[in-house]
Amino acid sequence: MKASAHQGELTMPKSAYRTGSFLMQIRKNKYLYLLLFPGVLWYFVYKYLPMYGVIIAFKEYNFSKGIWGSPWVGLKHFQFLFRNDDFLNIVKNTLLINIYELLFAFPVPIVLALLLNEMKSMLFKRTIQTVVYFPHFLSWVVFGGIIIQLLSPNEGLVNNLLRFFGVEPIFFLSKSEYFRPIVIVSSILKEAGWGAIIYLAALSSIDVDQYEAATIDGANRWDKLIHITLPGIRNTIVLMLILKVGYLLDVGFEQIYILYNPSVYDVGDVLSTYIYRIGLQGAQFSVTSAIGLFQSAIGFLLIWGTNRIAKKFSEVSLW
C-alpha cells in the first residue's frame, strides 16, 4: 500500500501540482495579492472591457441604432483608408517623426544619465537633475506655449537673436522644413531628463568592485565606460528600445496639436491629430476605430518583431 501510494504521488499530473503550488502562493501572499487587486480591476475595466468597441471598425456606426444595431460593412473603412492619399501621407508623417525621435531623441537620456553619473559633486548633480526633470511635469499646453513664444517672429528670443546678427525673422512654426526638427528638439527638452531616471537606476546596480578592479588594472574613464558601464545598462537599453519601436505609429496628440497649424499639415499632421479631426470633429467614429485598430496591430507586430530580434542577438527580451 505504501509503495502504491508512493507511486501515486510520483505519477501526479504536473498540471495538478502547478495548480496546488499556485494556490499555496496565493494563500501565503494573500495581502500582497489584495493590494494588487484594485490595479488589476482598473486595468480590466478600462483597458479590456472597452475592446468590444473595436467592432465599430467593421460597422457603419449609427448613434440611434447603437453598436450592435448598426449594419456590418466588413473591410469598407480599411479600404477607404488605404485608398486615401491623405491617410498615406499622415502615416508617412507619423513614421518619419518617430524614426527621427528614435535616431536623435532616444540616445539623449542615455548620454545624460552617463554624464550625471560621472559628476562628483552631489549638490551640483542634484541641481542639474532637478533642472532637467522639471519640464516633464509641465503639460504640453504650458511647455508648447513656451516654445511658441520663444519662436515668435515678433517677440521671440530666437528671432531677436537673429535680428541682432542681421538675419530676417523666420516664421518657424509656419514653415514645413522647420516643423519636424522643432518637434524633435521640444521632445528632447521636455522628456530627456525624466527618461534618464531609468538609466540612472540601472547604473546604480552595477557592482562598484568592477570599477575598482579596472582602476587597479590601469583602465581610464573611457575604458570603464566602454567595458563596464555600457554593458551594465545594455539590457535596459534593449528593453527601452523594444518599447519605443512599438510606438512608431503613435505620436503624442498634445504636442502636435499645440505646435502645428494648417500651413504645416503636409509634414505635421499625424494619426492622433487626424483621428481627432475626423473622429471628434467629423463624427466618423467607424473610420477612426479602423485607424486605431490598424495602429494597434502594427504596434504589436513591431514589438513582436523587435523582441524576436533582441532575443536572438542578446540575452534580454520582453518574453
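Nothing in this text is a laboratory measurement; each read-out follows from the coordinates by a stated rule. Just so it is clear, the structure is predicted and the values come from calculations on it, not from any experiment. As a convention, Cβ positions derive from the backbone with ideal geometry for all residues, glycine included, and neighbour counts pool all protein chains shown.
Looking at this structure, is residue 227 touching a Lys or Arg at 6+ places or on another chain (Cβ under 8 Å) and either over 21 Å from residue 104 (Cα atoms) or in a helix (DSSP H, G or I) (or both)?
Taking the combined requirement at face value, the residue does not satisfy it.
Residue pairs, Cβ under 9 Å, 6 or more apart or interchain, first in the range 68-82 and surrounded by fewer than 13 Cβ atoms within 10 Å (Cβ to Cβ), second among the acidic types (Asp, Glu). List them.
So the pair list comes out as 71/60; 72/60.
Where in the range 107-223 are there helices (runs of 4 or more DSSP H), lying fully within it, with 3 or more residues that are closer than 26 Å to residue 235 by Cα?
Details: elements: 107-118, 122-133, 140-150, 157-164, 176-204, 208-216.
Fully inside the range 107-223 and qualifying: 107-118, 122-133, 176-204, 208-216.
I need a count of the residues in the range 136-154 that are crowded, with 18+ Cβ neighbours inside 10 Å and not small (Gly, Ala, Ser). Lay out the reasoning, then the answer.
Going through the range 136-154, the residues crowded, with 18+ Cβ neighbours inside 10 Å turn out to be 140, 143-144, 147, 151.
Now restrict to residues that are not small (Gly, Ala, Ser): 140, 143, 147, 151.
So the count comes out to 4.
Going by the structure shown, is residue 172 out of contact with any helix residue (DSSP H, G or I) (no Cβ under 8 Å at 6 or more places or on another chain) and without any contact (Cβ under 8 Å) to a residue 24 or more places away in the chain?
So residue 172 fails the test.
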